[in-house]
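Just below is one structure, and these are the notes that go with it.
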Amino acid sequence: MTLVSKDITKAAAFLNNDELVSIPTETVYGLAANIFSETAINKIFEMKQRPLFNPLIVHTYSVEQLDKFVSYIPTKAKLLADAFWPGSLTMVLPKKSGVPDLVTAGKPTVGVRIPNHETTLELLQNLDFPLAAPSANPFGSISPTKASHVKNYFDGKLKMVLEGGSCQNGIESTIVGFENEEPVLYRLGSISIEEIESIVGSIKVKNNKEQAPDAPGMLSRHYAPETHTFLVDNVTEYVKNYPNKKVGVLLFSQKVSADNIVHTEILSKSGNLKEAAANLYATLHKLDTLDLDIIVAEKFPEYGLGKSINDRLLRATKKK
Ligand code: TXA
Ligand code: MG
């Protein structure tokens, strides 16, 4: 049985003992381990069935701590840190040699982030090491935004989920790297491109495998439900192709109707993209338990967090 508890001391004890603990963050739950424990880091890759070439994000609690594992911080990285940390931004920076290769998949850089979640910040302050933490889901499946999602994935295999409620932002951090001092966006996420650009000016986007073979998180099929899922412009028209199927629909704000729609989920009745993003994964988890034939999702507006939501839905609909 996996323990689900708010007990930070217990979580720290497991982590000090080379075990994994799932930690809450404001984006998604992470599967955390001591970055200096080879035993624990190996358990992450094993439990997630994650390929070793995919580097992990290092989580810490303050910018001062960065000095221990980052060798250089570009000027624009400092601006972004001031603007968004603690928060849903991961920056890929040149690493110090003390950061194990297993964590960074042998890269000369390390992805770092200060999460904005009280419980996990307190946990990090109680530890002598930072935590490597990918999202706490089996490789390729939907990321968890509630403790119960993590427990369903890893019950019995994982020692503990540190309970921290539902994740406020609900999709992963935005990842920014630097090429010749200039920021480049490697993964769309909880902070919109517009927000990043309001701090550092216009930035290059390399948000897929073709453009960024170096950011292996961008493998095309990811975040995917078991139920076959489609992303379309016009849900009402599209569901007509499946007259004899049990269809579930995932919509932004407006209801649609058709005889074969047996379940409807609306992500934000008021049309708020932040609220829609926060509800996205929990809703996909739910739709996946309803024994539907197919899920049809509506394309979101292509701005702000709408872009990040479309990115995740597109990857969720790629064939295996
Ligand atoms: O919101 C989040 O970022 C969550 C929470 C738990 O913090 N974590 C998360 O981790 O989404 P994960 O492992 O599912 O995705 C991290 C991605 C990797 O797929 C990888 O592509 C990228 O971050 N990454 C990490 N270190 C990198 C590096 N040194 N260079 C390029 N990409 C890196
Ligand atoms: Mg992930």
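The values are calculated or read from the model by the stated rules, or taken from the named source; none is laboratory data. This one's a predicted model, so the numbers in the text were calculated from it and none came from an experiment. We place every Cβ from the backbone using ideal geometry, glycine too, and count neighbours over all the protein chains shown. SASA here: full protein model, heavy atoms, side chains in, ligands and nucleic acids out. Shrake-Rupley method; radii C 1.70, N 1.55, O 1.52, S 1.80 Å.
When peptides 120-131, 36-47 are sorted by average Cβ neighbour count within 10 Å, with the highest value leading, the order is 120-131, 36-47.
With 0.36 nm allotted per residue and the present C-alpha distance subtracted, the ASP7-VAL63 stretch has 17.6 nm of extension available. For the chain, the per residue solvent-accessible surface stands at 44 Å², with DNA, RNA and ligands left out and a 1.4 Å probe. Can you give me the % of accessible surface on the chain that is carbon or sulfur? Probe 1.4 Å, all protein chains present, nothing else counted. Carbon and sulfur together cover 48 percent of it. Spin-label pair GLN254-GLU195: with each label point 7 Å from Cα along the Cα-Cβ axis, the two points sit 2.7 nm from one another. Indicate the helices, whole DSSP H runs only, in the chain that combine a mean Kyte-Doolittle hydropathy of 0.0 or more with a Cα extent along their long axis of 15 angstrom or more. Those that clear 15 Å and a mean of 0.0 are 273-287. Computed over segment 1-142, relative contact order equals 35 percent, with contacts defined as Cα pairs under 8 Å that lie 6+ residues apart. Length gained on full extension, ASN54 to TYR72: 4.3 nm, using 0.36 nm per residue less the C-alpha separation. Subtracting the Cα-Cα distance of GLU302 and GLU275 from their residue separation scaled by 0.36 nm leaves 8.1 nm. When the convex hull of its Cα atoms is viewed from all sides, segment 95-139 shows a mean projected area of 4.1 nm².
If you put +1 on each Lys and Arg Cβ and -1 on each Asp and Glu Cβ, how big is the dipole of segment 241-286 around its Cα centre, in Debye rounded to 20?
So the dipole magnitude of segment 241-286 works out to roughly 40 debye.
A simple charge model with +1 on the Cβ of Lys and Arg, -1 on the Cβ of Asp and Glu and nothing else charged puts the dipole of the chain at about 640 debye relative to its Cα centre.
Pairs from the table (LYS246/LYS286; LYS95/LYS157; LYS146/LYS286; LYS6/LYS151; LYS151/LYS245) lying more than 20 angstrom apart at Cα are LYS95/LYS157; LYS151/LYS245. Placing LYS157, LYS78 in order of accessible area, with the largest value first and a 1.4 Å probe, yields LYS157, LYS78. Directionally averaged projected area (segment 218-320, Cα convex hull): 6.1 nm².
Ordering of 304-313, 93-102, 80-89 by packing is 304-313, 80-89, 93-102, highest average first (other Cβ atoms within 10 Å, averaged per residue). The ellipsoid equivalent to the alpha-carbon distribution of the chain has semi-axes of 33, 23, 17 angstrom, derived from the gyration tensor eigenvalues as √(5λ) and listed largest first. Its DSSP H runs of at least 4 residues, each contributing -39,500 (n - 2.57), put the calculated 222 nm mean residue ellipticity of the chain at -8000 deg cm²/dmol, to the nearest 500. The reciprocal of the average 1/r between distinct C-alpha atoms defines the Kirkwood hydrodynamic radius, which for segment 1-155 equals 15.5 Å. Counted over the chain, the DSSP beta bridges are approximately 40% antiparallel. Highest average first, the peptides 279-292, 22-35 ordered by how many other beta carbon atoms sit within 10 Å of their residues are 22-35, 279-292.
Candidates ALA81, VAL256, GLY306 compared by Cα position along the dipole of the chain: farthest toward the positive end lies VAL256, with charges placed on Cβ.
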